[in-house]
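Accompanying notes for the structure given below.
The values are calculated or read from the model by the stated rules, or taken from the named source; none is laboratory data. If you're wondering where the values come from, they're calculated on a predicted model, not measured in any experiment. As a convention, Cβ positions derive from the backbone with ideal geometry for all residues, glycine included, and neighbour counts pool all protein chains shown. For the accessible areas, the whole protein counts, side chains as well, though only heavy atoms, and no ligand, DNA or RNA atoms are used. Shrake-Rupley method; radii C 1.70, N 1.55, O 1.52, S 1.80 Å.
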Amino acid sequence: MTFRWTKHRFAGGALALDVANSVILRSDATKSLDRFAEPEQIVAFAEASTRLGAERDRFPALTAPEAGERPVLLELREAIDGYFRSSIASGGNDDGGLAELLFACGTALRSFPLSESLGNATAHSALSLLAADTRERLRICGNCGWLFIDRSKNRSRIWCDMTVCGNRRKASRHYHRQKEART
């Protein structure tokens, strides 16, 4: 299946979060969809992230992994998602997940020695998210469940992207209020 990598797909605010968010509806096994299931989509993601990603200045040209390196990238993706998701839920206390994340980052850095490789850049991005001030700003979208960095001044953002998830959530609330008023 072919996907379009639009600006909304890079709403995480960091390359590592955008890679983790490549699994759509992760919490619902019946609707979950892995955008990296086909290798050509990883190539398209790497190219699109250099144009649309929040860290495009830091990682201006990324190359996709070779076929044998793909499992390392996918393992890194799952470690990033697992650690940051549980860290947000537990208020920053997930040392077991941290060990797994650090191991996956180390494996990726050994497997992808070139700094312009997607795996290497993703590992560097994940490690930079461990800084306390950044980690405190990590959130899970109230609509789609994606991970994102809340860069708002008062740290109150609840959607990864206001134009997509925020509007959907507000429209849903409006619909339900109107429906309730009619009954």
Scan the range 145-155 and give yes if some residue there is in a helix (DSSP H, G or I), within 23 Å of SER49 (Cα to Cα), in contact with an Asp or Glu (Cβ under 9 Å, 6 or more places away or on another chain) and open to solvent by less than 50 Å² (accessible area, probe 1.4 Å), otherwise no.
no
When you scan the range 173-183, do you find a residue that is β-branched (Val, Ile, Thr) and either in a helix (DSSP H, G or I) or surrounded by 12 or more Cβ atoms within 10 Å (Cβ to Cβ) (or both), even just one?
no
Kindly check whether there is at least one residue in the range 39-46 that is modelled with pLDDT of 90 or more, over 28 Å from LEU102 (Cβ atoms) and touching a strand residue (DSSP E or B) at 6+ places or on another chain (Cβ under 6 Å).
no
Only one of THR107, THR6, THR30 is at pLDDT 95 or above and polar (S, T, N, Q), namely THR107
Count, please, the residues in the range 11-59 that happen to be farther than 22 Å from PRO71 by Cα and either touching a Gly at 6+ places or on another chain (Cβ under 6 Å) or open to solvent by 70 Å² or more (accessible area, probe 1.4 Å) (or both).
7
Identify, please: which residue in the range 74-131 is basic (Lys, Arg) and either in contact with a Pro (Cβ under 7 Å, 6 or more places away or on another chain) or without any contact (Cβ under 8 Å) to a residue 60 or more places away in the chain (or both) and is, among those, least open to solvent (accessible area, probe 1.4 Å)?
ARG77
Is there any pair with a first residue in the range 27-56 that is free of Cβ contacts under 8 Å to residues at least 24 places away in the same chain and closer than 20 Å to ASP161 by Cα and a second that is in a helix (DSSP H, G or I) and open to solvent by less than 50 Å² (accessible area, probe 1.4 Å) whose Cβ atoms are under 8 Å apart and which are 6 or more apart or on different chains, and what are they?
ARG56/SER49; ARG56/THR50
